[in-house]
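Everything on this sheet refers to the single structure shown next.
The values are calculated or read from the model by the stated rules, or taken from the named source; none is laboratory data. In this text, all values refer to a predicted model and were calculated from it rather than measured experimentally. Every residue, glycine as well, gets a Cβ built from its backbone with ideal geometry; the counts of neighbours run over all protein chains shown.
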Amino acid sequence: MLMCATVMSAKAQVLTSETVNNVYESVTHQTDGDVFKAERTGNKITTMYVYKKNSNRKGMITLKPYAKYQYQYTANGMLSRKVTYRWIEGQGDWACTARFDYKLNNGIYSAEYSRYNHADDRFDQPVDKMVYALSGDDSVNYISHYRRNQPLARYELVSETSVAGAPVLFAVK
């Protein structure tokens, strides 16, 4: 299941604090739908909250917590981790659900997706991985998607895409 989608052109670069800020600014200017709130450290969003709008029969609108995202960045502002939480109504608290880990190494940008294991109170080994091969100007020229069905199994290639200038929709679970 794919959970995070971004449109990227061949001239796009790695996800940064600026990317997170731009997404936040874009979604907060919507007039309908969800409501977004952010906590910041300096100009970096560290936590983003998503609330669902609910209206009762009298037309009163209330906000119900839905999701929370915590972001971590490297010293140069590159996004290094995003942890996802869902609101558990019956418990009145946030429950951790997933984590994305982002890395840049020798022209290869990768994003790994791990599920949170509530029974063991830890993240499982990553199950999905997107790998973006970058050109010398940091533009994306090749995308590979890998998946594994068991925590310690080897990743298996799911798909590969060559990028040639046009916008490409890519997604990471």
Quick check, is residue 39 of a type in the set (Asp, Glu) and closer than 24 Å to residue 92 by Cα? yes
Just to verify a result, which residue in the range 127-173, among those that are over 25 Å from residue 83 (Cβ atoms) and among the hydroxyl-bearing types (Ser, Thr, Tyr), is modelled with the lowest pLDDT? 139
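The rows are residues; the columns are (1) in contact with a strand residue (DSSP E or B) (Cβ under 9 Å, 6 or more places away or on another chain); (2) more than 30 Å from residue 154 (Cβ to Cβ).
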| residue | (1), (2) |
| --- | --- |
| 39 | yes, yes |
| 42 | no, yes |
| 52 | yes, yes |
| 57 | no, yes |
| 61 | yes, yes |
| 82 | yes, no |
| 118 | yes, no |
When residues of the range 110-123 are limited to those that are under 17 Å from the mean Cα position of the chain (by Cα) and within 23 Å of residue 86 (Cα to Cα), the one surrounded by the fewest Cβ atoms within 10 Å (Cβ to Cβ): 123
I need the full set of residues from the range 32-76 which are closer than 22 Å to residue 96 by Cα and acidic (Asp, Glu), in order please. 34, 39
Just one listed residue, out of 129, 103, is part of a strand (DSSP E or B) and either in contact with a Leu (Cβ under 7 Å, 6 or more places away or on another chain) or touching a residue at least 24 places away in the same chain (Cβ under 8 Å) (or both), and it is 129
Just give me the residues in the range 25-41 being more than 18 Å from residue 79 (Cβ to Cβ), without any contact (Cβ under 8 Å) to a residue 24 or more places away in the chain and assigned to a strand (DSSP E or B), in sequence order. 37
Failed condition for residue 111, given (1) touching a Leu at 6+ places or on another chain (Cβ under 7 Å); (2) modelled with pLDDT under 95, with all others met? (1)
Within the range 132-153, can you find the residues that are part of a loop (DSSP other than H, G, I, E, B) and either in contact with a Phe, Trp or Tyr (Cβ under 6 Å, 6 or more places away or on another chain) or over 30 Å from residue 95 (Cβ atoms) (or both)? 135, 136, 137, 138, 139, 148
Sole residue being surrounded by fewer than 17 Cβ atoms within 10 Å (Cβ to Cβ) and closer than 24 Å to residue 22 by Cα, chosen from 92, 136, 77: 77
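Residue-wise test of (1) modelled with pLDDT of 80 or more; (2) of a type in the set (S, T, N, Q); (3) under 18 Å from the mean Cα position of the chain (by Cα).
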site: 2; (1), (2), (3): no, no, yes
site: 20; (1), (2), (3): yes, no, yes
site: 29; (1), (2), (3): no, no, no
site: 47; (1), (2), (3): yes, yes, yes
site: 54; (1), (2), (3): yes, yes, no
Pairing a residue in the range 141-152 that is without any contact (Cβ under 8 Å) to a residue 24 or more places away in the chain with any residue that is hydroxyl-bearing (Ser, Thr, Tyr), where Cβ atoms lie under 7 Å and the two sit 6 or more apart in sequence or on different chains, gives 142/162; 145/159; 146/155; 147/155; 148/155
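Looking at this structure, is residue 44 within 19 Å of residue 84 (Cβ to Cβ), touching a residue at least 12 places away in the same chain (Cβ under 8 Å) and basic (Lys, Arg)? Steps first, please.
Values: within 19 Å of residue 84 (Cβ to Cβ): yes; touching a residue at least 12 places away in the same chain (Cβ under 8 Å): yes; basic (Lys, Arg): yes.
Spelling it out, residue 44 is indeed within 19 Å of residue 84 (Cβ to Cβ), touching a residue at least 12 places away in the same chain (Cβ under 8 Å) and basic (Lys, Arg).
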